[in-house]
Amino acid sequence: MSDPSRQDMSRADRLGFDDAIFTLAPEGLGSAQSALGRTRLRTFIALRWLAVGGQTAAVLFVFFVLGFDLPLAACLAIIAASAWLNVFLSFAFQSQRLTRGWEASLQLAFDTVQLAALVAVTGGLSNPFLLLLVAPVTVAALSLSPMRAVLIALLALTLAAFMPLISLPLPWINGALVELPPLFHLGQFAALAVGVVFFAVSAGRVSQDEAKLVRALDAASIVMAREQKLSAIGAMSAMTTHELGTPLATIHLVAKELMAETPPDDPKYEDLTLLAEQADRCRTILATIREAREATDIVHARVTLDALVAEAAAPFKGLGVAVEVVVRPGEDEADDRPPILNRSPEILHAISAFVENAVSFADSKVTAQASWTADQIMISISDDGPGFAQEVLPKLGEPYVSERSEAHLGGGDMGLGFFIAKTLIERTGGRIATRNRTPPRTGAIVQALWPRAALEASALD
């Protein structure tokens with residue numbers, strides 16, 4: 001006779017994934033940027049419960065406390081429609097799932113119609129709470145695509161425009177009839193239209209700026225991850241050479257001992273000789289890798305300012321535009337020796353991005369100039385192209401400002417790459433300045449400025 005507890009345990013062991021009580025819904029997000037424009041269902045449900053509570057409290061207060069003669073049954077029925085929608089959504093879907101665009105659009109359209117119906121049965125354009133129609137439009141502008149947000153805004157304005165034809169009179173104390181002039185209704189509609197447009201545009205701009213920033217930071221993190229991966233490969237090679245050194249030394253020693261015990265005319269002697277030679281060759285290769293790694297750690301970890309700028313500009317020479325590297329001390333600097341800096345992948349990537357953009361827009365020449373004083377280090381990248389367009393200059397540093405001059409090369413990529421470079425410079429303690437060259441000269445100048453102490457290698461490094 002089997003133990004019931006063991007039967008329960010055996011049955012529990014056979015439970016598969018499909019038997020799970022609760023599982024997380026797949027979001028289908030490749031990165032942080034793909035979550036933008038999508039809102040969790042529980043957020044909509046929470047906002048709708050808040051609206052239901054506020055509408056119910058307002059209706060009951062106006063009817064029972066203030067004594068206004070409003071259609072209580074119709075108002076509560078309209079409010080109940082929102083409550084029942086929340087109940088249905090709570091049971092039909094997992095509340096933590098992200099809504100799709102069309103799902104969120106339908107929910108906000110329902111909220112707009114429900115709120116418009118409540119306003120219509122309580123006076124329509126005469127009701128001062130008409131401006132609450134701005135609320136679902138603002139949420140749509142924050143959470144939906146621009147096209148869907150525009151549709152929600154048009155729905156709100158259309159419902160408000162039809163209210164004079166379908167709305168009930170404005171409730172008043174003791175059932176008194178209040179007739180407001182048409183001009184007041186026109187003013188209410190105009191106020192609603194202005195509010196809808198203003199809040200929709202404002203919320204949409206904020207949402208778009210956030211989306212651009214997240215996408216740009218996502219790209220910047222990819223760049224830094226690549227640099228860190230390259231650094232990790234170097235560290236792994238050092239670990240590999242260290243770990244393989246001991247077994248190869250053992251193999252070489254054992255092969256030598258077996259050679260000493262084996263007569264030269266033995267057929268195995270030649271194989272043992274080959275084994276010892278190949279083990280010695282492997283040790284030589286590992287020693288070469290280790291020495292190169294040590295040289296990288298000692299020499300490449302530190303680099304002079306002129307070598308840093310030359311390394312950043314080197315990939316863009318020979319592309320049809322002359323790239324000149326100029327390194328000289330500042331006006332008040334007596335020491336003409338370039339400072340020795342900690343080699344920074346962030347600075348190399350940023351300066352290379354600035355040089356690449358300058359080469360893309362230059363007519364014939366790009367100059368990468370580095371200078372230093374006792375307190376500061378400055379690197380300037382200039383070209384002889386058309387310069388930054390006046391409408392672009394105030395926006396540089398924002399992600400996806402993609403044109404410098406429409407008349408030159410059909411525009412260029414001065415947006416995401418510039419933003420990433422600027423972010424990397426700021427992470428190393430520097431600042432960025434941009435300007436055009438003084439007429440009659442043409443071209444753009446990008447300057448990066450750091451405190452010397454932030455970059456300079458110390459004697460203990």
inquiry  = Taking the condition of being open to solvent by less than 90 Å² (accessible area, probe 1.4 Å), free of Cβ contacts under 8 Å to residues at least 40 places away in the same chain and within 26 Å of Gly101 (Cβ to Cβ), how many residues in region 162-199 meet it?
reply    = 1
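Okay, residues lined up against (1) over 22 Å from Leu50 (Cα atoms); (2) assigned to a loop (DSSP other than H, G, I, E, B); (3) not aromatic (Phe, Trp, Tyr):
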{"site": "Leu130", "(1), (2), (3)": "no, no, yes"}
{"site": "Val137", "(1), (2), (3)": "no, no, yes"}
{"site": "Ala153", "(1), (2), (3)": "no, no, yes"}
{"site": "Ala160", "(1), (2), (3)": "yes, no, yes"}
{"site": "Pro164", "(1), (2), (3)": "yes, no, yes"}
{"site": "Leu170", "(1), (2), (3)": "yes, yes, yes"}
request  = Assess whether His242 counts as being over 36 Å from the mean Cα position of the chain (by Cα), modelled with pLDDT under 65 and either assigned to a helix (DSSP H, G or I) or among the small types (Gly, Ala, Ser) (or both).
outcome  = yes
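For (1) farther than 21 Å from Leu144 by Cβ; (2) out of contact with any strand residue (DSSP E or B) (no Cβ under 9 Å at 6 or more places or on another chain); (3) surrounded by 15 or more Cβ atoms within 10 Å (Cβ to Cβ), each residue gets a yes or a no:
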residue	(1), (2), (3)
Leu70	yes, yes, yes
Ala73	yes, yes, no
Ala77	yes, yes, no
Leu85	no, yes, yes
Phe91	yes, yes, no
request  = Please state which one of Val254, Val223, Val214 is closer than 22 Å to Ser344 by Cβ, in a helix (DSSP H, G or I) and either at pLDDT 70 or above or hydrophobic (A, V, I, L, M, F, W, C) (or both).
outcome  = Val223
ask   = So Leu154 fits all but one of (1) open to solvent by 10 Å² or more (accessible area, probe 1.4 Å); (2) modelled with pLDDT under 90; what number is the exception?
value = (2)
ask   = Looking at this structure, is Gly430 open to solvent by less than 70 Å² (accessible area, probe 1.4 Å), of a type in the set (Gly, Ala, Ser) and modelled with pLDDT of 85 or more?
value = yes
request  = Name the one entry in Ala301, Ala314, Ala287 that is at pLDDT 85 or above and either open to solvent by 50 Å² or more (accessible area, probe 1.4 Å) or at negative phi (or both).
outcome  = Ala314
message = Being over 22 Å from Lys317 (Cβ atoms) and assigned to a loop (DSSP other than H, G, I, E, B) is the filter here; which residues of region 332-359 pass it?
response = Asp332, Glu333, Ala334, Asp335, Asp336, Arg337, Pro339
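Table: residues versus (1) at pLDDT below 85; (2) at negative phi.
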| residue | (1), (2) |
| --- | --- |
| Glu406 | yes, yes |
| Gly410 | yes, no |
| Asp413 | yes, yes |
| Gly417 | yes, yes |
| Ile425 | no, yes |
| Ile445 | no, yes |
| Arg452 | no, yes |
| Ala459 | yes, yes |
request  = Take Leu108 and decide whether it is assigned to a helix (DSSP H, G or I), touching a Pro at 6+ places or on another chain (Cβ under 7 Å) and open to solvent by less than 70 Å² (accessible area, probe 1.4 Å).
outcome  = yes
inquiry  = Suppose we keep only residues that are open to solvent by 50 Å² or more (accessible area, probe 1.4 Å) and under 27 Å from Phe419 (Cβ atoms) within region 328-344. Which one would you say is modelled with the lowest pLDDT?
reply    = Arg343
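One residue is enough: does region 310-322 have a residue meeting the conditions touching a Ser or Thr at 6+ places or on another chain (Cβ under 6 Å) and either under 24 Å from Gly387 (Cβ atoms) or of a type in the set (A, V, I, L, M, F, W, C) (or both)? Full working, then the answer.
Filtering region 310-322 for residues touching a Ser or Thr at 6+ places or on another chain (Cβ under 6 Å) gives 312.
From what's left, either under 24 Å from Gly387 (Cβ atoms) or of a type in the set (A, V, I, L, M, F, W, C) (or both): 312.
Yes, region 310-322 contains a residue that is touching a Ser or Thr at 6+ places or on another chain (Cβ under 6 Å) and either under 24 Å from Gly387 (Cβ atoms) or of a type in the set (A, V, I, L, M, F, W, C) (or both).
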query = Regarding Ala260, is this residue under 30 Å from Leu144 (Cα atoms), out of contact with any helix residue (DSSP H, G or I) (no Cβ under 8 Å at 6 or more places or on another chain) and modelled with pLDDT of 80 or more?
reply = no
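The values are calculated or read from the model by the stated rules, or taken from the named source; none is laboratory data. As the structure is a computational prediction, the values presented were derived from the model and not from experiment. When we count neighbours, we look across all protein chains shown, and the Cβ atoms used for this are built from the backbone with ideal geometry, even at glycine. Surface accessibility is based on the protein's heavy atoms, side chains included, excluding ligands, DNA and RNA. Shrake-Rupley method; radii C 1.70, N 1.55, O 1.52, S 1.80 Å.
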